[in-house]
Amino acid sequence: MAFSIVEKFVSLNGEGVRAGELAVFLRFQGCNLDCSFCDTKWAKKADTPTDSLTTEELVAYVQGTGVRNVTLTGGEPLLQEGIEELIIALGALGYRVEIETNGSISLIKFAKLSFRPSFTMDYKLPISGMENTMDTENFKLLHAKDTVKFVIGNVNDLDRATQIIHENALTARCNVYFSPVHGEIKPAKIAEYMKDKKLNGVRLQLQLHKYIWDVDQRGV
């Protein structure tokens, strides 16, 4: 099984429960959504240069890095046919595999894998233009090592995220993060909203890599 890889690199995890830790990133080509704020649109383009790499080649690359956290990202990695083979191969070797997924792909078969990854799943809010694509059945499959991430652009997004959190009891089920759209809303605005609404169990996160490196730099 070969996969379309647009980049692979070692960096610091920029967000989520392992923010600040080293991770190996495998970025896959292609996405089924077109979010307004997407910062990796280049990865979904058909003419983006890719490497066709097998499970064995990707595992060998990961082993060569000496890093134990592995993040599969995109694009949308779960669109890759047979990616469960790679997830199982890495899990069997003891790697902590995280899937960054956009919330529109069913997680059922991936949640049942013998070496279950952790999921960092987006819920696309109104600013994205993609909310109608969300598969809310995925919420039932999440547990303590998983994360739901809300990318926030304005107060309307904050109100909608708060509604989704309460309706699905997300803070009792998994980790929940608010992440500002870079340059659209000030983190202080989100923090004040969280205080006002008493959003216990919700965390504000800033994309660490955008503060360490240039916001448009790849491979970080």
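The values are calculated or read from the model by the stated rules, or taken from the named source; none is laboratory data. This one's a predicted model, so the numbers in the text were calculated from it and none came from an experiment. Methodologically, a virtual Cβ is constructed for each residue, glycine included, from the backbone with ideal geometry; neighbour enumeration extends over all protein chains shown. Side chains are part of the model used for accessible areas, which takes the heavy atoms of the whole protein and leaves out ligands, DNA and RNA. Shrake-Rupley method; radii C 1.70, N 1.55, O 1.52, S 1.80 Å.
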**Request:** With just the Cα atoms of segment 1-93, tell me how far they stretch along each of the three principal axes, in Å, largest first.
**Result:** 35, 31, 20
**Per-bin percent of Cα-Cα distances, segment 64-142 [5 Å]** = 3, 15, 26, 24, 16, 9, 5, 2, 0
**Prompt:** In units of 2.2 N^0.38 Å, what is the alpha-carbon radius of gyration of the chain?
**Reply:** 0.98
**Request:** Beyond 18 Å, what share of the Cα-Cα pairs of segment 107-220 is found? Please give it as a whole percent.
**Result:** 53
**Request:** For each pair in 44/124; 124/197; 109/145, compute the distance between the two Cα atoms and list the pairs where it is over 19 Å.
**Result:** 124/197
**Amide proton proximity set for residue 22, modelled H, under 5 Å, gap of 5+** = 13
**Prompt:** Which of the lysines could a cross-linker bridge to residue 195, judged by Cα under 18 Å and excluding same-chain residues fewer than eight apart?
**Reply:** 186
**the chain, accessible area per residue, ligands and nucleic acids excluded (1.4 Å, Å²)** = 46
**Item:** Contact order normalised by residue count of the chain, Cα under 8 Å, 6+ apart, percent
**Value:** 19
**Translational D in µm²/s for segment 3-50 (Stokes-Einstein at 25 °C, 0.890 mPa s, Kirkwood Rh from C-alpha pairs)** = 204
**Prompt:** Taking the Cα atoms only, what angle lies between the long axis of helix 155-167 and the longest principal axis of the chain, rounded to 10 degrees?
**Reply:** 80
**Message:** Pick from 14, 103, 66 the residue whose mean-square fluctuation is largest in a GNM of the chain, springs joining Cα atoms under 10 Å.
**Reply:** 66
**Prompt:** How would you order 82-88, 192-198 from highest to lowest mean count of nearby Cβ atoms within 10 Å?
**Reply:** 82-88, 192-198
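Can you tell me what percent of all Cα-Cα pairs in segment 77-121 are more than 11 Å apart?
65
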**Asked** Roughly how tilted is helix 187-197, in degrees to the nearest 10 and between 0 and 90, from the longest Cα axis of the chain?
**Response** 60
**Request:** Per DSSP H run of at least 4 residues, take -39500 (n - 2.57); add these up for the chain, divide by its residues and hand me the 222 nm value, nearest 500 deg cm²/dmol.
**Result:** -7000 deg cm²/dmol
**Request:** Take the solvent-accessible surface of the protein heavy atoms, probe 1.4 Å, and return the percent of it on segment 92-182 that carbon and sulfur atoms account for.
**Result:** 52
